[in-house]
Amino acid sequence: MVRHYGRTITASTTTSTPGPPPSKPLGTLRHGQFARFIAGATVASIGQFLSGLATPFYMNELTDSNAWVGASGFAGLIPAVFLTPLAGILADRISRRILLTVAYGMQTIAMTVLLVMYLADALTPWRIIFIMLASGSVAGFMFAPLQSMAPTLVPRADLVPAVQLLSIAFTVGRAIGPGLGALVLWSTGPGLAYGIAVGCLVFATAAMASTHPDEPKAAAPSSLRRDFIEGIRYIRARPAIGLAVKAAFAIGAFGAVWAFSLAASVADDAYGVGGGGLGLLATMIGVGSVGASIFISRGGSEVRRSTLEPVALSLYAIGVAIAASTPWFYVGMIGYFTMGIAHMWHNVTLSTSLQVQVEESHRGRVMSVFLVAILGGLPIGAIVGGALSDLLPIRVVMGGSASLIGILTVWWWFAADRFHGLDGSPVDAHSSR
């Protein structure tokens, strides 16, 4: 029995009849509504990563400035830092399906505007920034309900593999989107990339609209401020959740920023390769993530989270260090492959730990704070890293980021009891009420 939207509900209210928990994440696809949700999320992820590769590439072509590239990444993410907490509160009050459908629809409109202006040769650096701000504002209402949907579509016993499969779905997008982007940017340029992204978002909007999760009507809500403060108190009372939030921010600011937001700058300044080279770096992130997801789906999920997270953090530091230390592009690709493995394991470990330990009544708010940590780390890392890379050699800045990840990993190993809090079970979460 769990608390949801202020009401007490039982496991019998889930969409599908509970059965034995699947041994593999793919087993959760037997729940039809969840399968539809995963299909929409996967296709959307492909389009988002495709456009996420095309925009910094085009910005770099327009300006030849790392600061402008970093600013475009900052603009696409910073609105979500402020709006995701609101979305998390709403996800605990109203239909997550409606939130997702509207968000995907609005993001389709923003991407269509970007496409039309590109075809009209009307894009300027500032216009790109404004469109990214609009798209990032919409995305702020997408991430929290997306991460909170799984419990409304599968039985509680299937929650862990369902969360793992959701992470794998993003991994598929991270692999296919940049790989497709490399071909498109090399052959035709950003226009086709934006067109494909629009099609992917249209499909995702339709998929979310046709999904029917089991969402009881909300009870009379309290004030937004009170809900937000209670969510912060809930997290502060649980050190394991606090550790996950800190680790998510650190990887966003010092690791993922080189894998995503500033990859165009790395491709240009560190290796002197064009759009095709940028696409290959992004593809190596995807290939590494796919390999890591295969490990998870074939039994790696049985590895303790307290073991997997420090390994993921260490691999992230190693990957960034490899990419920073070599002048040879193909060696740099190995660094990006390593970052891809680390990114997948890091996301699955922290997402799973939070999802199984948080109570349903606080799920949206807790996941929103977790996402704010990720979304806050990326734009801060992009704007600071981009500016520093215009003043110092980009390899030096990347090397500093790798060192910081390594230092934080060692600190948390000793200060957070070797990450053992990440192994907490659902019983631990409920007994702490």
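Some notes on this structure:
- Pairing residues of segment 144-166 that are within 12 Å of ARG97 (Cα to Cα) with residues that are modelled with pLDDT of 80 or more and among the small types (Gly, Ala, Ser), at Cβ distances under 6 Å and at least 6 apart in sequence or on separate chains, gives ALA150/ALA162.
- Residue satisfying condition, being surrounded by fewer than 24 Cβ atoms within 10 Å (Cβ to Cβ) and at pLDDT below 85, within set GLY76, GLY32, GLY19: GLY19
- TRP328 falls short on exactly one of the conditions (1) among the aromatic types (Phe, Trp, Tyr); (2) over 19 Å from VAL163 (Cβ atoms); (3) surrounded by fewer than 24 Cβ atoms within 10 Å (Cβ to Cβ); (4) in contact with a helix residue (DSSP H, G or I) (Cβ under 9 Å, 6 or more places away or on another chain), and that condition is (4).
- Against the test of being over 21 Å from LEU166 (Cβ atoms), modelled with pLDDT under 80 and either buried (at least 24 other Cβ atoms within 10 Å of the Cβ) or not basic (Lys, Arg) (or both), the options GLY275, GLY319 yield a single qualifying residue, GLY275.
- Inside segment 137-162, residues that are β-branched (Val, Ile, Thr), outside any loop (DSSP other than H, G, I, E, B) and surrounded by 24 or more Cβ atoms within 10 Å (Cβ to Cβ) make up a count of 1.
- Output for segment 282-316, where each listed residue is more than 12 Å from ALA342 (Cα to Cα), in contact (Cβ under 8 Å) with a residue 60 or more places away in the chain, assigned to a helix (DSSP H, G or I) and not polar (S, T, N, Q): ALA282, ILE296, ARG305
- Those helices (runs of 4 or more DSSP H) of segment 317-428 in which 2 or more residues are closer than 24 Å to PHE228 by Cβ and charged (D, E, K, R) occupy 363-391.
This table checks each residue for (1) of a type in the set (D, E, K, R); (2) crowded, with 23+ Cβ neighbours inside 10 Å; (3) out of contact with any strand residue (DSSP E or B) (no Cβ under 8 Å at 6 or more places or on another chain); (4) farther than 17 Å from ALA248 by Cβ.
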{"residue": "MET333", "(1), (2), (3), (4)": "no, no, yes, yes"}
{"residue": "TYR336", "(1), (2), (3), (4)": "no, yes, yes, yes"}
{"residue": "VAL366", "(1), (2), (3), (4)": "no, yes, yes, no"}
{"residue": "PHE414", "(1), (2), (3), (4)": "no, no, yes, yes"}
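The values are calculated or read from the model by the stated rules, or taken from the named source; none is laboratory data. The structure presented is a predicted model; accordingly, all values stated were derived computationally and were not measured. Backbone-built Cβ (ideal geometry, glycine too); neighbour counts: all protein chains shown.
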